[in-house]
Amino acid sequence: MGVNVSSDIAKQYDTQAANNVDVVIVGAGFAGLYTLYNLRNQGLKVILLDAAGGVGGTWYWNRYPGVRVDIESMEYSYSFSEELQQEWSWSERYASQAELLRYLNHVADRFDLRKNICLNTRVAATVFDEKTDKWEVETDSGRKITASFCVMATGFLSAANQPKFPGMESFEGEQYHTARWPEGGVDFAGKRVGVIGTGSSGIQVISEIGSKVGHLNVFQRTASFSIPLRNCPMPKDYEKSFKENYPEWRRLQREESFGGYVSCNYKPVERLTQNAMDISPEERLAVYEDRYKSGGLSMYFNFPDVFVDKAANDTIADFLRGKIKERVNDPETAELLTPRGYPALVRRLCADTGYYETYNQDNVDLVDVSGGEIELTPKGIEVKGKEYELDCIIFATGYDALTGALTNIDIRGEGGRQLKEEWSDGPRTALGMMTAGFPNMFFLNGPGSPCPFYQPVLLGEEQGGWVGDWIMDMRAKGLTRMGAKKSFQNEWVEHSSEVVNATLFPLANSWYMGKNIPGKSSVGLVYFGEPADYRKRCANVLPSGYDGFELSGPQK
Ligand code: N01
């Protein structure tokens, strides 16, 4: 794909004034920016709205100390422009948030996207007008925009989960959430800090600030599995070989990978077809050690049975537990940090930089809050009858994943039905991209898609591409409404449930399963099937004559 944005198209309207457009895109993260680029290049009048003060999506808001991506930079990047792939140089194997934000700003400038972006603009509501087949989009400042289509690129990990702990208002110190970190940063030097949460965000922030604070108390409800990230300056020969072979790396990511990433020990990994239980313990161990040596999410390049057979999974869980013991000096703390009671890899694996070693420092204590209730007091946190005095509390409590950013908007479809209501028993979508009763609204990296298991940058590009193809085809045919058929949606949700129920994923309380939010349903949240199959189904929508969807023209 080229980069020649027609300046005529780009200049055809003033984004601030245009209140009648072909497409409103919500969200200026990876998926939204690419979709803007793609749709505008096709000659459509597009506005992208984002509540943030800059582009970047989740990488704009997540500025907490230690934050970086745990998919390799060479892979966690756009594939749509060969020029961009060749020009951009990542300085580290795993990019920091600052570098990712620089990259996304570079993309916005390089492809002249800003003139179609309205920042500091939160979408409050969208209502579908059944007479005109258009969406009326309303922002929090009262601006109203009419659009033929809405593309919701709102992010699957963007709506922060802030549990309401008793006494929150009474705490006299500072409170921060990892997903909404203050722009200027926070100085923790010499302070007594408490961190609630030990998922990917908590593990990163704890590892980074452990040596900088006066004292750190970590409040852990569930121990996570974590392996070393092994970040380092980008090896130049690796970058060179990647850039020389980008088409093949991308093909592997799309067609043959487990989760949209393929690099292991700086080489494309071959997918294992043998089961862990069909080989000797020594052979198994050699594979686990190899993945551990590579670091990051390489552990997911594993035997197929570890995701479906508890006995196979136990072999990897035991391996990972053993590694934790090697890294923590105090046996009691090591035991508390050792995950028990759920399989490995079925909550997202964490990747750390010195996380376990942080607990070897004298100024860091682990507090087990499992089975207890966290309460905030004016002076700190009380749990199981003991008070911990603190100057600052960091909530690393995660996200209302996949649905939160969508249900936070008052979205009303056919018959005035509200999306939040429709999804009260779990999101129901067709291919994770549309939901019946809400025509002309597309989700990118949405619920019912494989986004947590398929690199979201690539999935966002592909979905943004399919949306563009569908819109342009409809235009050519004089059609104005595209909706998902309920029957097809039901089939998709049923198929998704069958797939996940055949795995070990339901055995853990994870955001994949919606179990991190009290009362949230796991139905339809994530498609756990093969991403390659998913891609084929989506790519076939147009050639099949929109099988599973219904289309119509303007009303007479
Ligand atoms: O959120 P989480 P996250 N009382 O949901 C605890 C991506 N990501 O922001 O496990 C006490 O994983 C909760 O405890 P428990 C990545 O995909 C990527 O860390 O529910 N504790 C858990 O420990 C990741 O998976 C990167 O018992 C409470 C923690 O808070 C996803 O984002 C970096 C609680 C939440 O962990 C989410 O990660 C960061 C309560 N009431 C994030 N409520 C990288 O690329 C919640 N917790 C490296």
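Each reported figure results from applying straightforward, stated rules to the coordinates on display, with no laboratory input. Everything numeric here is computed off the predicted structure, so don't read it as measured data. Cβ: placed from backbone, ideal geometry, glycine included. Neighbour counts: every protein chain shown.
To the nearest 0.05, how large is the calculated FRET efficiency for GLN175 and LEU507 if R₀ is 41 Å and r is the Cβ-Cβ distance? In this case the efficiency is close to 0.80. Note on LYS520: aspartates and glutamates with a C-alpha under 16 Å away, same-chain residues under 8 apart excluded, are ASP400, GLU421, GLU422, ASP425.
Building the convex hull from the alpha-carbon atoms of segment 51-190 and averaging its projection over directions returns 12.6 nm².
Spin-label pair ASP140-ARG475: with each label point 7 Å from Cα along the Cα-Cβ axis, the two points sit 3.2 nm from one another. Between the helical axis of 310-327 and the longest alpha-carbon principal axis of the chain there is an angle of about 60 degrees.
Among the lysines of segment 235-329, pairs at least eight places apart or on separate chains and with Cα atoms under 21 Å apart come to 8.
The H on the amide N of MET441, modeled in the peptide plane, is under 5 Å from the matching H of CYS150, each at least 5 residues off or on a different chain.
By counting other Cβ atoms within 10 Å of each Cβ, how are ARG93, ARG537 ranked from fewest to most?
ARG537, ARG93
In summary, the aspartates and glutamates within cross-link reach of LYS134, defined as a Cα separation below 12 angstrom excluding same-chain residues under 8 places away, comprise ASP22, GLU414. Return P(r) of the chain (all Cα-Cα pairs; 10 Å bins starting at 0; whole %; ordered from short to long distances). Reading upward from the zero bin: 3, 17, 28, 27, 17, 6, 1, 0. Compared with the dominant principal axis of the Cα atoms in the chain, helix 456-477 is inclined by about 10°. Given R0 = 25 Å, the distance between the Cβ atoms of ASN408 and GLU256 translates into a calculated FRET efficiency of 0.10. Available extension along the chain between GLU83 and LYS243 is 56.5 nm, counting 0.36 nm per residue and deducting the alpha carbon span. In order along segment 162-169, phi translates into HN-Hα couplings of 10, x, 8, 6, x, x, 4, 6 Hz, rounded to whole numbers, per the Karplus curve 6.51 cos²θ - 1.76 cosθ + 1.60 with θ = phi - 60° and x for Gly and Pro.
Here the spin labels are modelled as points 7 Å beyond Cα on the Cα-Cβ line, and at GLU282 and GLN42 they lie 5.7 nm apart. Remark: spin-label model distance SER521-SER497 equals 0.9 nm, labels positioned 7 Å along the Cα→Cβ axis. With respect to the chain, whose longest principal axis is taken over its alpha-carbon atoms, helix 30-41 is tilted by about 20°. Between ALA532 and ASN363, residue separation times 0.36 nm minus the direct Cα-Cα distance comes to 56.1 nm. A simple rule links phi to the HN-Hα coupling: the Karplus curve 6.51 cos²θ - 1.76 cosθ + 1.60 with θ = phi - 60°, which for segment 402-414 gives 6, 9, x, 5, 7, 6, 6, 9, 7, 9, 10, x, 4 Hz, with x for Gly and Pro. For segment 291-302, 3J(HN,Hα) computed residue by residue from phi via the Karplus equation (6.51, -1.76, 1.60; θ = phi - 60°) reads 5, 5, 5, 5, x, x, 8, 4, 4, 6, 7, 9 Hz, glycine and proline entered as x.
In which sequence would ASP473, ASP129, ASP391 go, from the one with the fewest C-beta neighbours within 10 Å to the one with the most?
ASP129, ASP473, ASP391
How much length is gained if the chain between GLU550 and ARG271 is pulled fully straight, taking 0.36 nm per residue apart and subtracting their Cα-Cα distance, in nm to one decimal? Length difference between fully extended and current span is 96.7 nm.
For VAL526, the residues whose modelled amide H falls within less than 5 Å of its own, excluding neighbours fewer than 5 places apart on the same chain, are GLY448.
Rounded to the nearest 0.05, the FRET efficiency derived from the C-beta distance between ASN329 and LYS164 at R0 = 35 Å is 0.45.
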